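A.B. asks: The structure is given below, and queries will be raised subsequently.
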Amino acid sequence: MGIKIISDNRKARFNYEILEKLEVGIVLTGTEVKSLRAGKLNMGESYATVMREELFWLRANIPTYSHGNQFNHDPLRIRKLLVHKKELNRFIGITQEKGLTLVPLKVYWKDGKVKLELGVGRGKKLFDKRKTIRDRDWNRDKARVLKGG
């Protein structure tokens with residue numbers, strides 16, 4: 001089996017300089033999994049944090065399952081992330097460092113399980129964002145010239 005991307009947080013790569021990445025598991029309910037199978041997820045404003053020596057994913061919007069009944073899930077509930085203790089201790093140290101945050105980058109299926117790619121990011125300043133836009137435009141123009149268009 002391969003990897004099938006459910007959602008990619010492209011805005012995170014624009015707003016944050018990603019220093020490091022890590023794959024973690026997510027604790028989900030049945031209707032959340034069915035909703036993800038339908039490709040429904042909004043993670044634009046979501047983030048991860050450490051609470052009570054555990055890692056949690058906040059403000060991720062997995063819409064309710066359309067064929068769910070009264071046992072349907074809360075779309076904005078706090079979801080626990082599954083990570084090894086050694087990696088968790090490293091994340092605790094990283095988040096206490098000034099200016100670093102845990103940013104969700106993408107959610108995907110891997111071997112029948114839903115995985116979340118977390119990135120350790122430092123927020124970009126406005127001039128960094130302008131430089132990113134300038135570099136992206138330059139690479140697009142360069143590719144167009146090399147293609148012969």
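A.B. asks: Determine the shape class of the chain: with a ≥ b ≥ c the square roots of the Cα gyration tensor eigenvalues, call it rounded for a/c under 1.5, and otherwise prolate if a/b is greater than b/c, oblate otherwise.
C.D. replies: Taking the square roots of the gyration eigenvalues as a ≥ b ≥ c, the chain is oblate.
A.B. asks: Can you compute the charge dipole magnitude of segment 88-142 about its Cα centre, using +1 on each Lys and Arg Cβ and -1 on each Asp and Glu Cβ, nothing else charged? Give it in debye, rounded to the nearest 20.
C.D. replies: Roughly 180 debye for segment 88-142.
A.B. asks: Please work out whether segment 1-75 counts as rounded, prolate or oblate from its C-alpha gyration tensor, where a ≥ b ≥ c are the square roots of the eigenvalues and a/c under 1.5 means rounded, while otherwise a/b larger than b/c means prolate and anything else oblate? Present the calculation step by step, with values, prior to reporting the outcome.
C.D. replies: Values: a/c = 1.86, a/b = 1.48, b/c = 1.26.
The shape class here is prolate.
A.B. asks: So how strong a dipole does segment 1-125 carry about its Cα centre when Lys and Arg Cβ are +1 and Asp and Glu Cβ are -1, to the nearest 20 debye?
C.D. replies: The dipole magnitude comes to about 220 debye.
A.B. asks: List the relative contact order of segment 1-127 as a percent without decimals, with contacts defined as Cα pairs under 8 Å and 6+ residues apart.
C.D. replies: Over segment 1-127, the number comes to 38 percent.
A.B. asks: Label point 7 Å out from K4 along Cα-to-Cβ: which residues of segment 103-128 have amide N under 12 Å?
C.D. replies: Correct set: 108-114.
A.B. asks: While we're looking at this one, here's another question. Using packing as a proxy for protection, rank 62-73, 135-146 so that the peptide with the highest average count of other Cβ atoms within 10 Å comes first.
C.D. replies: The most tightly packed comes first, giving 62-73, 135-146.
A.B. asks: For the ranges 74-80, 44-50, 104-110, 122-128, what's the packing order if you count other beta-carbon atoms within 10 Å of each residue, average per peptide, and put the highest first?
C.D. replies: With the highest mean Cβ count within 10 Å placed first, the list reads 104-110, 44-50, 74-80, 122-128.
A.B. asks: Moving to a separate point now. Once you have the Cα-Cα distance between E97 and S66, take 0.36 nm times their residue separation minus that, and quote the gain in nm to one decimal.
C.D. replies: Details: separation 31, 0.36 × 31 = 11.16 nm, distance 4.17 nm.
Between E97 and S66, full extension yields 7.0 nm more.
A.B. asks: Using the beta-carbon distance between M51 and I18 and R0 = 30 Å, what value does 1/(1 + (r/R0)^6) give for FRET efficiency, to the nearest 0.05?
C.D. replies: 0.85
A.B. asks: Okay, next question. Using +1 at the C-beta of Lys and Arg and -1 at the C-beta of Asp and Glu, which of I62, W138, L22 has the Cα lying farthest in the positive direction of the dipole of the chain?
C.D. replies: Farthest towards the positive pole: W138.
A.B. asks: Once each part is reduced to its C-alpha centroid, what is the distance from segment 1-41 to segment 68-119 in angstrom?
C.D. replies: The two parts, judged by their Cα centres, are 9 Å apart.
A.B. asks: Set Lys and Arg Cβ to +1 and Asp and Glu Cβ to -1, take the dipole of the chain about its Cα centre, and tell me which of F91, G123, S35 lies farthest positive.
C.D. replies: Result: G123, furthest along the dipole toward the positive end.
A.B. asks: Taking segment 53-149, which GluC sites (Glu not before Pro) meet the DSSP loop condition and have no more than 12 other C-beta atoms within 10 Å? Walk me through the intermediate numbers first.
C.D. replies: Values: sites: E53, E54, E87, E97, E117; in loops: E53, E97.
Answer by residue number: E53, E97.
A.B. asks: Using r as the Cβ-Cβ distance of R59 and W138, and R0 as 30 Å, what FRET efficiency do you calculate, to the nearest 0.05?
C.D. replies: Efficiency, rounded to the nearest 0.05: 0.30.
A.B. asks: Then there is this: In whole Hz, with x marking every Gly and Pro, tabulate ³J(HN,Hα) for segment 97-112 from phi via Karplus 6.51 cos²θ - 1.76 cosθ + 1.60, θ = phi - 60°.
C.D. replies: For segment 97-112, the Karplus-derived couplings read 6, 5, x, 10, 9, 9, 10, x, 9, 7, 10, 8, 8, 9, 6, x Hz, x marking Gly and Pro.
A.B. asks: Amide H of S46: which non-local residues (sequence gap of 5 or more, or other chain) have their own amide H closer than 5 Å, using H built in the peptide plane?
C.D. replies: none
Quick note: the coordinates plus some simple rules give every number you see, no bench work behind them. As the structure is a computational prediction, the values presented were derived from the model and not from experiment. Virtual Cβ from ideal backbone geometry, glycine too; neighbours counted across all protein chains shown.
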